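What follows draws every value from the coordinates through simple rules; no lab data is involved. Remember, it's a predicted structure, so these values are computed and weren't measured experimentally. Positions of Cβ are backbone-derived with ideal geometry, glycine not excepted, and every protein chain shown enters the neighbour counts.
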Amino acid sequence: MNKMYDLVKEKYATLGLDTEKAMETLSSIPVSVHCWQGDDVVGFDGGGAASGGIQTTGNYPGRARTPEELMADIKTAFALMPGKKRLNLHASYAILGEDMGKVDRNTYEPKHFAPWVKFAKENGFDGIDFNPTMFSHKNVKDGLTLSSPDENIRKFWVEHCKACIRISEYFAEEFNTVCAMNIWIPDGYKDVPADRLSPRLRLKKSLDEILSIEYNRSKVAVAVESKVFGIGVESYTVGSNEFYQNYAAKNDICCLLDNGHYHPTEVVSDKIPALLAFYDKLALHVTRGVRWDSDHVVLLEDEIKEIAKEIVRCDAVDKVMIGLDYFDASINRLSAWVTGQRAMQQALLCALLTPHEELKALQEAGNFTALMVRQEQLKTLPWGIVWEEYLERQGLNVNYLETIRTYEEKILKERV
Ligand code: RNT
Ligand code: ZN
């Protein structure tokens, strides 16, 4: 028994908080970890470096170049992450084998992802989430996909999304968990557009066509991810926040909130309860934008703590599908993965170790003085000791950097 933990457990008990229960809940909240941190969002279907409003920077050695390499990296990195993990795949990570060059993204099938299912099962992941890949492809024409005025282009991407729904259904069935399928498109304009409506009407039509296929809505949660602007698409984004929130509400699908995709003073933590008033489910891309949607590694900063608090105090751990979305190519990629996932878990633990009922009562009573004092006092509570205990129980209270360095020496350095 860890004496320090026992003391801390007692301390939290005096606040009416059960550290055992907090750890149990924490280990049951799935975090969907993105595969694309491992290879700088390149994928395996020949698209090359990410383009269309997103970009990775850095050239740290060891980028995974094949499915085998990426799987080996995921296996090593995920083993250092506490809690329940899902794997978040993009369509560009299809393992085409003999079909390479014969099929395109509009005809991908579940079989092209079967090795991922096998891999995720072998490693005990909770399930797989999915994303159509509508960037890094020759059919992104003039920066447009689902909103393209070129019918052939628009149809190609509609077919791609339909194919992705089929693949998502396959994942949902294989794991018997809901598969979140997130639609993000790079569509937009670098400079002042002449028509802001037509592209949005075409996007609406495309989404209607995609959703017109029969699929099991209780198994596949289709989500739409808005964005305020992107690199090279600074002036206009077709899939804006208002567009997608209205579309999702009217068509009974989900919104996905990426906290790098809003104006700098807007916060996703405040949007979560706003949407929970209307939606049963919502999805997140937790990231860290430094000055813009830079997709830096998630760290334990105020906004991520606030996001976690909302998930917990709105009693929404079953409603908010937490996914990570960042890609840093300037540091060891496994370390980036683990650091971000652990930060998310830490934020959730802090939230679980907060006396929300007490604080809510102070707010309701209009006792804002006490509310401020209490919230400040809570910041210095020794939650870190509970975190160590949590890691200890999962055999993870180790210096993960050392493990990663060893892997780097043996494996990553060979990749030249
Ligand atoms: C881009 C979006 C999108 C991507 C991933 C790779 O701005 O955040 O979610 O990062 O799909
Ligand atoms: Zn995102």
query: Between Asn176 and Ala361, how many nm apart are label points set 7 Å from Cα along the C-beta direction?
result: 4.1
Segment 99-169 versus segment 221-276: alpha-carbon centroid distance in Å: 21
field: Rg(Cα)/(2.2 N^0.38 Å) for segment 240-299, N = residue count
entry: 1.15
message: Using a Debye calculation, one point per C-alpha and no hydration shell, please list log10 I(q)/I(0) for segment 248-360 at q = 0.18, 0.21 Å⁻¹ in order.
response: -0.91, -1.17
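On a 28 Å Cα-Cα criterion, which of the cross-link pairs Lys111/Lys155; Lys141/Lys227; Lys111/Lys319 come out too long?
Working: Lys111/Lys155 23 Å; Lys141/Lys227 19 Å; Lys111/Lys319 30 Å.
Cα-Cα > 28 Å for Lys111/Lys319; rest within.
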message: From the P(r) of segment 45-183, could you give the percentage of C-alpha pairs in the tail past 18 Å?
response: 59
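If you take the beta carbon distance between Asn216 and His263 as r and set R0 to 51 Å, what does 1/(1 + (r/R0)^6) give as a FRET efficiency, to the nearest 0.05? Mind showing how you got there, number by number?
Numbers: r = 36 Å, r/R0 = 0.71.
E between Asn216 and His263, to the nearest 0.05, is 0.90.
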Compactness of segment 21-109, expressed as Rg and Dmax over alpha-carbon positions, Å: 15.5, 52
- prompt: Which of the listed residues, Ala361, Ile311, Ile331, is farthest toward the dipole's positive end in segment 258-406, when Lys, Arg count +1 and Asp, Glu count -1 at the beta-carbon?
  reply: Ile331
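Tell me, Kirkwood radius of segment 12-64 from alpha-carbon pair distances, in Å? It would help to have the intermediate numbers written out before the result.
Details: mean 1/r = 0.0673 Å⁻¹.
Averaging 1/r across every pair of different Cα atoms and inverting gives 14.8 Å.
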field: Per-selection metrics, segment 350-401 (Cα): Rg and Dmax in Å
entry: 15.4, 47
- prompt: Hey, how much of the P(r) for segment 272-333 falls beyond 16 Å, as a percent of Cα pairs?
  reply: 49
query: In what sequence, highest mean first, do 187-195, 322-330 appear when ranked by Cβ atoms within 10 angstrom?
result: 322-330, 187-195
field: Size descriptor, Kirkwood hydrodynamic radius, that averages inverse alpha-carbon separations across segment 108-174, Å
entry: 13.1
task: Indicate, rounded to the nearest 5 percent, the antiparallel portion of the DSSP beta bridges found entirely in segment 1-145.
output: 10
query: Hey, how many Å between the Cα centroid of segment 1-54 and the Cα centroid of segment 294-368?
result: 9
field: the chain: mean projected area of Cα convex hull, nm²
entry: 21.0
statement: Once both label points are put 7 Å beyond Cα along the C-beta direction, the Thr14-Asp315 separation in nm becomes 2.9
field: Potential lengthening between Glu234 and Ala370 on full extension [0.36 nm per residue; Cα-Cα distance subtracted]
entry: 44.6 nm
task: Quick one, can you get me the convex hull of the C-alpha atoms of segment 121-211 expressed as volume per residue in Å³?
output: 110
query: Rounded to the nearest 20 Debye, what is the dipole magnitude of segment 251-338 about its Cα centre when Lys and Arg each give +1 and Asp and Glu each give -1 at the C-beta?
result: 160
message: Nothing charged except the Cβ atoms of Lys and Arg (+1) and of Asp and Glu (-1): what's the magnitude of the dipole of the chain about its Cα centre? Round to the nearest 20 debye.
response: 280
query: When the helices in the chain are scored as -39500 (n - 2.57) per DSSP H run of 4 or longer and the sum is shared across all residues, what 222 nm value do you end up with, to the nearest 500 deg cm²/dmol?
result: -13500 deg cm²/dmol
- prompt: Sorted by mean Cβ packing within 10 Å, highest first, what order do the peptides 303-312, 387-396 take?
  reply: 303-312, 387-396
query: Antiparallel DSSP bridges in the chain: what percent, to the nearest 5?
result: 20
- request: For Asn397 paired with Lys75, estimate the spin-label separation in nm (one decimal), with each label point 7 Å from Cα along the Cα-to-Cβ line.
  value: 2.8
query: Ranked highest first by the average count of other Cβ atoms within 10 Å around their residues, in what order do 227-235, 60-68 fall?
result: 227-235, 60-68
Where only alpha carbons of segment 162-262 are counted, the Rg and the Dmax (Å): 14.5, 47
task: Grab the Cα-Cα distance for Lys413 and Phe278, subtract it from 0.36 nm times how many residues apart they are, and report the gain in nm with one decimal.
output: 43.6 nm
